[in-house]
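The values are calculated or read from the model by the stated rules, or taken from the named source; none is laboratory data. The model shown is predicted, which means the values in this text are computed figures rather than measured ones. Because the Cβ atoms are built from the backbone with ideal geometry, glycine has one as well, and the counts that use them run over all protein chains shown. To get the accessible areas, we keep the full protein, side chains included, count just its heavy atoms, and leave off ligands, DNA and RNA. Shrake-Rupley method; radii C 1.70, N 1.55, O 1.52, S 1.80 Å.
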Amino acid sequence: MKPHGWIILDKPLELGSTQAVGAVKRNLREAGLLGKGKDKTKVGHGGTLDPLATGVLPIAIGEATKLCGRMLDASKIYAFTIAFGSETETLDAEGDVSETSDHLPTLAEVEAILPQFTGPIEQIPPKYSALKIDGKRAYDLARAGVAVEMKMRAVTIHSLTVSPELVEGRPSAGRGSTGSPLTELVDEITLTANVSKGTYIRSLARDIARALGTVGHVTMLRRTKAGPFTLKHAISLDKLNEIGKGADIKDYLLPLEAGLDDIPAFDLTPDQARLLRQGQRLDEQDLIGNPAINGLFLATEDSSPVALAELVDGTIKVVRGFNF
């Protein structure tokens with residue numbers, strides 16, 4: 001049977017999101033699960049993660065690919081380290097240094113500035129990004145030496161705090177193991193941000209550093225949550241490769257509905273399920289008395305997904321139908 005659901009990869013450094021999708025396809029092919037032609041199993045990711053970033057990368061398989069757009073719109077949580085004193089062309093450790101500053105902030109100053117970057121804000125995306133300008137990727141234009149003008153965009157930072165824990169062996173602030181007072185200067189800081197779609201952490205780091213009277217760039221970026229998926233759901237690339245060597249994919253595959261845990265579900269009768277599968281609508285009265293029916297919900301039959309449906313003006317219509 002074709003696999004349908006989610007593989008959550010703990011993406012390693014230097015692996016691109018498209019390469020990660022390719023790795024899943026390769027393992028499915030080696031396991032005899034990819035198929036060919038019209039029967040080929042679809043695979044897609046739920047949100048690009050830079051090669052220099054690590055962490056949660058949701059990869060949709062089969063019918064779950066119909067939910068990739070919803071996953072792209074979901075909020076995400078990142079842990080990231082800002083190194084103060086130098087800004088680079090790419091705003092991360094990969095680019096050449098473009099500006100330097102001798103000024104370093106204190107931990108107290110960092111904590112005091114974070115509220116300015118919490119809530120609805122505007123930011124200018126990095127010129128080395130995948131955004132398209134006149135049909136071309138911004139990073140391709142920047143690498144070709146073309147002057148790139150990035151437009152301001154509105155995003156939302158739901159929360160932004162100094163990370164209290166160690167992240168990949170780095171202290172939350174650039175300080176000794178015994179800790180430092182709030183007034184001691186820090187050369188780097190690790191923050192945790194819960195952000196809306198479209199937020200560029202590299203731009204956020206740049207803007208925080210500049211607001212502190214210095215410059216900075218990202219030296220570590222790790223996504224710890226994407227939509228409903230966290231690191232506890234994630235598997236390593238080595239674990240993923242076990243699928244191609246004969247391991248049961250069921251041991252690593254989360255169900256399609258795992259990507260919809262923020263909406264209610266309602267089990268339909270066979271007749272109701274048939275109507276929705278045919279693209280027809282149901283009247284609200286058909287499901288009257290069910291508290292789950294209020295806006296968007298997952299319609300199921302015998303607990304198996306039938307459609308992502310929505311109640312609008314007393315009528316239940318299909319948003320995305322699933323074919324198993």
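Quick rundown of the values:
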| read-out | value |
| --- | --- |
| Test result for Arg223, basic (Lys, Arg), within 30 Å of Ala154 (Cβ to Cβ), in a helix (DSSP H, G or I) and at pLDDT 95 or above | no |
| Subset of region 202-217 (residues that are of a type in the set (A, V, I, L, M, F, W, C) and open to solvent by less than 10 Å² (accessible area, probe 1.4 Å)) | Leu204, Ala205, Ile208, Ala209, Val215 |
| Pick from region 42-61, criterion open to solvent by less than 20 Å² (accessible area, probe 1.4 Å), of a type in the set (A, V, I, L, M, F, W, C) and outside any loop (DSSP other than H, G, I, E, B), ranking: nearest to Phe80 (Cα to Cα) | Val56 |
| Within region 62-88, considering residues that are hydrophobic (A, V, I, L, M, F, W, C), under 17 Å from Ile157 (Cα atoms) and at pLDDT below 95, the one most open to solvent (accessible area, probe 1.4 Å) | Leu72 |
| Residue in region 20-41 that is within 28 Å of Val162 (Cβ to Cβ) and crowded, with 23+ Cβ neighbours inside 10 Å present | no |
| Test: residue in region 229-237 that is part of a helix (DSSP H, G or I) and of a type in the set (D, E, K, R) | yes |
| Pairs, first closer than 19 Å to Thr81 by Cβ in region 208-235, second assigned to a loop (DSSP other than H, G, I, E, B) and among the acidic types (Asp, Glu), C-beta under 9 Å, six or more apart | Thr214/Asp102; Met220/Glu168; Leu221/Asp50; Arg222/Glu168 |
| Set Ala144, Ala154, Ala205, Ala138: member being of a type in the set (Gly, Ala, Ser), farther than 22 Å from Ser86 by Cα and at pLDDT 85 or above | Ala154 |
